[in-house]
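A.B. asks: After the structure tokens below, expect a handful of questions from me.
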Amino acid sequence: MPPAKKRPRAYDHLRTRTAVLAQFAHVRDAVAVLTPEQLARPTRLGDWTVRDLVAHIAQGFGSVSRDLALPEPPGPRPATTLLEWPPAVAAFVRDPEAPAPAAAGPDLLALYGEVEAAFLADVPATGAGDRLLPTLVGSMRLTDYLVTRTVELIVHTDDLNDALGLEIPYDRQALAACTRLLADTLADRAPGGSVEVRIPPFAVVQCIGGPKHTRGTPPNVVETGPLTWIRLATGRTEWARALEDAEVSAGGERADLAALLPLLS
């Protein structure tokens, strides 16, 4: 019999909204002091400059308000669940006909102020988490979509830090939500109980078919930190390199995730 599907993880609407706002504020504060020379620097995202990345972060955050302004999609359930979002967005990014990101105007701080004010006005703190949004990858619950914004913000904060040598902070709750969604995506992609993946202090999941571990020390264990896990899951770091650099420990004959990664790229 195939492994039973676990109940999807639940996320608190208010805590997730707060985390998204906190991480966006960290990025906004960093953007406020960037020089023209820093904005012109390259990033690890192909031909994107730091300026392109900064604009993309604001536009991704602003998508919440833009989608809320559209009519609510009909139907009793979203077309895209939270665990379906990573493969859906990966397919969208790879689509050669997908629209390119819109160019931002010259005043990035004004853009950040506008999208932040719109978010505060449009996204209620309570009572609206089940509202459906028509996103680029299908309709989604508002709370679920906010979880995806933690992924966007944490991943791109890390991209900014890499490009500029900065230490923009990571909001703990945003980092936790991002880590958990990507860990659950792995478990959903490769269901099973033969390998335990530990990402302390935020997530532990079991994956990959085979003999299921029930008690004692698991025979196949992968352990890494949240940022390394996020880089692996999004293709910023390769499995072999992370092992070589001792950023991942993997023990057991099944504890090789190379064929399953990246999850979102």
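A.B. asks: Can you tell me which residues in region 242-261 are in contact (Cβ under 8 Å) with a residue 60 or more places away in the chain and in contact with a Ser or Thr (Cβ under 7 Å, 6 or more places away or on another chain)?
C.D. replies: Arg254 - this is the single residue of region 242-261 that is in contact (Cβ under 8 Å) with a residue 60 or more places away in the chain and in contact with a Ser or Thr (Cβ under 7 Å, 6 or more places away or on another chain).
A.B. asks: Shifting gears a bit: Could you list, in sequence order, the residues of region 105-130 that are more than 19 Å from Ala19 (Cα to Cα) and either modelled with pLDDT of 90 or more or crowded, with 18+ Cβ neighbours inside 10 Å (or both)? Walk me through how you get there before you give the answer.
C.D. replies: Going through region 105-130, the residues more than 19 Å from Ala19 (Cα to Cα) turn out to be 105-111.
If the condition is that a residue be more than 19 Å from Ala19 (Cα to Cα) and either modelled with pLDDT of 90 or more or crowded, with 18+ Cβ neighbours inside 10 Å (or both), then Asp107, Leu108, Leu109, Ala110, Leu111 are the ones that fit.
A.B. asks: For the list (1) of a type in the set (Gly, Ala, Ser); (2) modelled with pLDDT of 95 or more; (3) touching a Ser or Thr at 6+ places or on another chain (Cβ under 6 Å), I need the number of the one condition that Ala176 fails.
C.D. replies: (3)
A.B. asks: A follow-up question, please. Report, ordered by the first and then the second residue, all pairs with beta carbons closer than 8 Å, sequence separation of six or more or different chains, a first member in region 27-47 that is open to solvent by 90 Å² or more (accessible area, probe 1.4 Å), and a second member that is part of a helix (DSSP H, G or I).
C.D. replies: Arg41/Val50; Arg41/Ala163; Arg41/Leu164; Pro42/Val50; Pro42/Ala163
A.B. asks: Shifting gears a bit: Based on what the data block shows, is Trp229 modelled with pLDDT of 95 or more and either within 14 Å of Ala187 (Cα to Cα) or basic (Lys, Arg) (or both)? Before you say what the answer is, go through the steps one by one.
C.D. replies: Numbers: modelled with pLDDT of 95 or more: yes; either within 14 Å of Ala187 (Cα to Cα) or basic (Lys, Arg) (or both): yes.
Considered against the rule, which asks whether it is modelled with pLDDT of 95 or more and either within 14 Å of Ala187 (Cα to Cα) or basic (Lys, Arg) (or both), Trp229 comes out as yes.
A.B. asks: Restricting the search to region 128-141, which residues are farther than 21 Å from Leu264 by Cβ and not in a strand (DSSP E or B)?
C.D. replies: Ala128, Gly129, Asp130, Arg131
A.B. asks: When only residues in region 155-175 that are in a helix (DSSP H, G or I) and either of a type outside the set (A, V, I, L, M, F, W, C) or without any contact (Cβ under 8 Å) to a residue 40 or more places away in the chain (or both) count, which is surrounded by the most Cβ atoms within 10 Å (Cβ to Cβ)?
C.D. replies: By that ranking, first place goes to Thr157.
A.B. asks: Looking only at region 67-88, count every residue that is in contact (Cβ under 8 Å) with a residue 40 or more places away in the chain and in a loop (DSSP other than H, G, I, E, B) and tell me the total.
C.D. replies: Residues that pass the stated criteria total 10.
A.B. asks: Right, another one. Have a look at Val151, Val137 and point out the one that is modelled with pLDDT under 95, out of contact with any Lys or Arg (no Cβ under 8 Å at 6 or more places or on another chain) and buried (at least 17 other Cβ atoms within 10 Å of the Cβ).
C.D. replies: Answer to the check: Val137.
The values are calculated or read from the model by the stated rules, or taken from the named source; none is laboratory data. In this text the structure is predicted, and so the values were computed from the model without any measurement. Here Cβ is always computed from backbone atoms with ideal geometry, including for glycine, and neighbour counts include all displayed protein chains. Note: accessible area is taken over every heavy atom of the protein model, side chains too, but ligands, DNA and RNA are not part of it. Shrake-Rupley method; radii C 1.70, N 1.55, O 1.52, S 1.80 Å.
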